[in-house]
Amino acid sequence: MAVLALIAVGLLSLLVFVLLGALLELYRDVRQLREAAGILDRPLSVDIGPLVNTAPSKYGLPEALDSTASALLLFLSERCLTCRVIASSLAQSLPPGLWVVAESRNAQAAEKFLEVTNLRTDDRVTLDVEGKIAARLGINTSPVGFRIESGRFVSATTVPSVRYLFSILPAPLRLT
Amino acid sequence: MAVLALVVSLAMAGVLLWAGLEKARNVGPSVSTLMSLGVPRRQARLATHLLSLIEIGAGFGLVFQPHLVWTQLGIVILGLLFALAGIIALQRDHPIRCNCFGVGVNGQLGRTQVLTLWAWLSGAAVFYHGFDQPVSLSAGAIRVATLGLVMATMRAVAVWGARREARDDRQSAMEMYLWRF
């Protein structure tokens with residue numbers, strides 16, 4: 001009896017193996033479709049070679065960033081849909097450690113962007129009208145998240161979603 | 001020697017059952033591989049079905065009847081077939097996907113199959129010398145249950161990872177396109 005039971009366990013496990021294989025293939029197919037449609041949640045590294053170890057204020061960014069221990073500078077553009085979605089998610093208040101630069105073609109576009117997304121302007125939100133800061137940084141894609149540590153640029157990646165943004169925010173310092 | 005034979009037979013059985021079951025589940029990729037090797041489509045389909053049967057048969061043979069000469073001969077024949085496929089692939093001017101183990105596990109057909117021929121032949125020799133008496137049914141039952149559970153668990157881990165990635169992609173797409181469910 002026990003022998004039969006063990007054989008049944010073995011055969012059923014192999015059946016589960018086959019069925020899970022079909023499921024795995026389905027997930028891979030869906031990912032291929034998402035990749036073709038350009039809606040994958042995959043961040044890409046952004047090359048910021050000349051910016052590394054330089055102070056943000058050098059490019060027209062707030063001087064307070066030069067003395068911050070750890071921060072994420074999020075670059076948004078009023079022309080980008082993902083940027084609007086991310087900006088809308090920040091409408092209530094900016095999480096600690098997050099700074100935002102909203103780039104726009106002109107003042108009217110900047111105003112419209114703020115109106116549509118309800119992004120509140122405060123000392124951690126900078127409006128980059130006519131894209132001057134973006135040009136100095138050499139940015140031609142958005143949204144981009146710049147990691148700043150000890151007041152210096154360290155690295156940058158694209159930010160494909162709100163979920164990813166919140167996963168890379170610097171953790172607040174805790175005194176224990 | 002007996003312990004070595006036991007361990008090697010279980011590992012080899014796992015490899016063969018994995019490959020055979022994957023081919024049986026989805027013949028397309030293996031048919032494609034055989035066609036790249038020059039086999040006509042109809043014959044490639046037949047050969048894939050046959051190969052999957054032989055691999056599954058050899059796998060179960062290694063679990064329940066590793067002492068049988070037929071099982072050991074099956075291992076040798078499979079090793080030679082894989083090596084032959086590798087040699088033909090090396091002579092092609094374009095890389096040929098192996099599709100040996102199904103979804104997500106892929107490599108090129110060629111040198112690996114030729115080099116692993118010694119492993120198949122050594123394994124058959126180990127079984128020939130290591131199994132001087134038949135494996136009992138209860139031992140075989142324990143082996144098949146263990147193998148099945150290990151293979152299912154490995155697959156489940158891969159599915160869990162793929163599910164997590166898909167969930168993140170779906171959440172991202174929902175945000176982007178304001179989909180509502």
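At a glance:
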quantity: Which listed residue, of B:R164, B:R143, is more than 7 Å from every other protein chain (Cβ to nearest Cβ) and surrounded by fewer than 19 Cβ atoms within 10 Å (Cβ to Cβ); calculated: B:R164
quantity: Counted residues, segment A:55-72 - those being surrounded by 15 or more Cβ atoms within 10 Å (Cβ to Cβ) and at negative phi; calculated: 11
quantity: Flag for B:Q133 being part of a helix (DSSP H, G or I) and not acidic (D, E); calculated: no
quantity: Count of residues meeting criterion [assigned to a loop (DSSP other than H, G, I, E, B) and either of a type in the set (A, V, I, L, M) or not assigned by TED's automatic domain parsing to the domain that holds A:D122 (or both)] in segment A:52-66; calculated: 3
quantity: Residue match in segment B:148-159 (condition: in contact (Cβ under 8 Å) with a residue 24 or more places away in the chain, surrounded by 15 or more Cβ atoms within 10 Å (Cβ to Cβ) and at the interface with another protein chain (Cβ under 9 Å from one of its Cβ atoms)); calculated: yes
quantity: Residue satisfying condition, being farther than 30 Å from A:A109 by Cα and assigned by TED's automatic domain parsing to the domain that holds A:L137, within set A:A69, A:A91; calculated: A:A69
quantity: Residues satisfying the stated conditions in segment A:96-148, i.e. outside any helix (DSSP H, G or I), free of Cβ contacts under 8 Å to residues at least 60 places away in the same chain and among the hydroxyl-bearing types (S, T, Y); calculated: A:S104, A:T121
quantity: Residue that is surrounded by the most Cβ atoms within 10 Å (Cβ to Cβ) [pool: residues in segment B:21-63 that are among the small types (G, A, S) and more than 14 Å from chain A (Cβ to nearest Cβ)]; calculated: B:A58
quantity: Residues located in segment B:1-54, provided they are under 18 Å from the mean Cα position of the chain (by Cα), closer than 19 Å to B:I96 by Cβ and not aliphatic (A, V, I, L, M); calculated: B:E22, B:K23, B:N26, B:G28, B:P29, B:S30, B:S32, B:T33, B:R45, B:T48, B:S52
quantity: So A:L65, is it in contact with a strand residue (DSSP E or B) (Cβ under 8 Å, 6 or more places away or on another chain) and of a type outside the set (V, I, T); calculated: yes
quantity: Residue count for segment B:58-69, restricted to those that are assigned to a helix (DSSP H, G or I) and either of a type in the set (V, I, T) or touching a helix residue (DSSP H, G or I) at 6+ places or on another chain (Cβ under 7 Å) (or both); calculated: 7
quantity: Tally of residues being touching a strand residue (DSSP E or B) at 6+ places or on another chain (Cβ under 8 Å), of a type in the set (D, E, K, R) and at pLDDT below 90 across segment A:129-176; calculated: 1
quantity: Some residue of segment B:107-118 being touching a residue at least 60 places away in the same chain (Cβ under 8 Å), within 26 Å of A:R28 (Cα to Cα) and buried (at least 17 other Cβ atoms within 10 Å of the Cβ); calculated: yes
quantity: Residue tally, condition over 27 Å from B:A139 (Cβ atoms), more than 7 Å from every other protein chain (Cβ to nearest Cβ), in a loop (DSSP other than H, G, I, E, B) and of a type outside the set (K, R), over segment A:1-49; calculated: 6
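The values are calculated or read from the model by the stated rules, or taken from the named source; none is laboratory data. Computed from a predicted model, the values in this text were never measured in an experiment. A quick note on method: Cβ atoms are made from the backbone with ideal geometry, for glycine too, and the neighbour counts reach across all protein chains shown.
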